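The values are calculated or read from the model by the stated rules, or taken from the named source; none is laboratory data. Just so you know, these numbers come straight off a predicted model, no measurement behind them. Glycine also receives a Cβ, built like all others from the backbone with ideal geometry; neighbour counts cover every protein chain displayed. Ligands, DNA and RNA are stripped out before the accessible areas are found, and what is left, the full protein with its side chains, is counted by its heavy atoms. Shrake-Rupley method; radii C 1.70, N 1.55, O 1.52, S 1.80 Å.
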Amino acid sequence: MTDLSQTIAPKSDQLNADDLIAGPLTIRVTRVSPMREPDQPIAIFFEGDGGKPYKPGKSMRRVLVRVWGKDGFAYAGRRMTLYRDDSVMFGGVAVGGIRISHMSDISESVTLPLTVTRASRKLFTVRPLPPERGPSGGKPTGEDTRTKLLRIAREKAALGSADLDDWIGKLKPDHRAVVDEIEAELRDIAAEADDRLPPDDDGFPGFAPADEEAA
């Protein structure tokens, strides 16, 4: 087969909607970098990007923050599917734009309202991206392991700092590196859990501390 899609890619320093005329593209993020452009403040680099990162518009940045959180550093290794939406308007004309249809590291669809015009909003849904399959079509690859680690990490953090630290201390180095991606989030969860922990027995009425009894 002669692939004509490679002959119609626009010349640019970023991924464009026209790059997706041939169909959706699933990418794996390698890093997220800030940019000096006010209209495109971040660039999402991905495996095989050829120096043309994805620079999401404000609507898709809102989707990313809603689904994956505000820490772009934690996006590395995650995947999403991009597609061309012909209805995207610019200057009152339908010029087409890039939208996100699926994202990894979520267990269910996420729906949120996005601004269409200054006077209207429309619901937008992102669906879970299925785990990658092994070369033989067998069990999923390490994507599942990563997702499981992050889920357990949040569960341990919800039990408090002591439980979180004890669990992290037993992790293998490669697993620890995955958990470190969301360390700030985990510490916030653990701090909230610590605040909710019941006081010690000697804090309840009728259980005076030993030094107070001696007094």
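Just to verify a number: FRET efficiency for Glu47 and Ser87, C-beta to C-beta distance, R0 = 35 Å, to 0.05?
Computed FRET efficiency for Glu47 and Ser87 comes out at 0.75.
Output ³J(HN,Hα) for the stretch 26-42: one whole-Hz value per residue in order, computed from phi by the Karplus curve 6.51 cos²θ - 1.76 cosθ + 1.60 with θ = phi - 60°, and x for Gly and Pro.
9, 10, 10, 5, 9, 6, 10, 10, x, 10, 8, 7, x, 7, 9, x, 9
Could you please put Ser33, Ser120 in sequence from largest to smallest accessible area, using a 1.4 Å probe?
Largest accessible area first, the residues go Ser120, Ser33.
Thr26's amide H: which non-local residues (gap 5+, or another chain) put their own amide H closer than 5 Å, with H modeled 1.01 Å from N in plane and none for Pro or chain starts?
Leu82
Through the Karplus equation 6.51 cos²θ - 1.76 cosθ + 1.60, θ set to phi - 60°, convert the phi angles of the stretch 63-73 into ³J(HN,Hα) values in whole Hz; use x for Gly and Pro.
So the Karplus estimates, Gly and Pro as x, are 5, 4, 5, 5, 8, 9, x, 8, 8, x, 4 Hz.
Heavy-atom accessible area of Lys172 with all protein chains present, probe 1.4 Å, nearest 10 Å²?
Only protein atoms counted, so the area is about 130 Å².
Between Asp180 and Ser107, what is the FRET efficiency for a Förster distance of 25 Å, r being their Cβ-Cβ separation, to the nearest 0.05?
0.65
Got a sec to turn the phi values of the stretch 176-183 into Karplus ³J(HN,Hα) couplings, 6.51 cos²θ - 1.76 cosθ + 1.60 with θ = phi - 60°, whole Hz, x for Gly and Pro?
Working through the residues one at a time gives 4, 5, 5, 5, 4, 4, 10, 4 Hz.
Return the FRET efficiency for the residue pair Ala158, Thr125: r is the Cβ-Cβ distance, R0 is 30 Å, and the value is rounded to the nearest 0.05.
Once the sixth-power term is evaluated, E becomes 0.65.
Please list Arg78, Arg62 from largest to smallest accessible area, probe radius 1.4 Å, with all protein chains kept in place.
Result of the area sort, largest leading: Arg62, Arg78.
Go through Thr81, Thr30 and list them by solvent-accessible area, largest first, probe radius 1.4 Å.
The most accessible residue leads, giving Thr30, Thr81.
So who's got an amide H within less than 5 Å of the one on His102, skipping anything under 5 residues away but keeping other chains? H placed 1.01 Å off N, in plane.
Thr81, Arg127
How large is the accessible surface per residue of the stretch 25-65, computed with a 1.4 Å probe and reported in Å² as a whole number?
Ligands and nucleic acids excluded, the figure is 53 Å² per residue.
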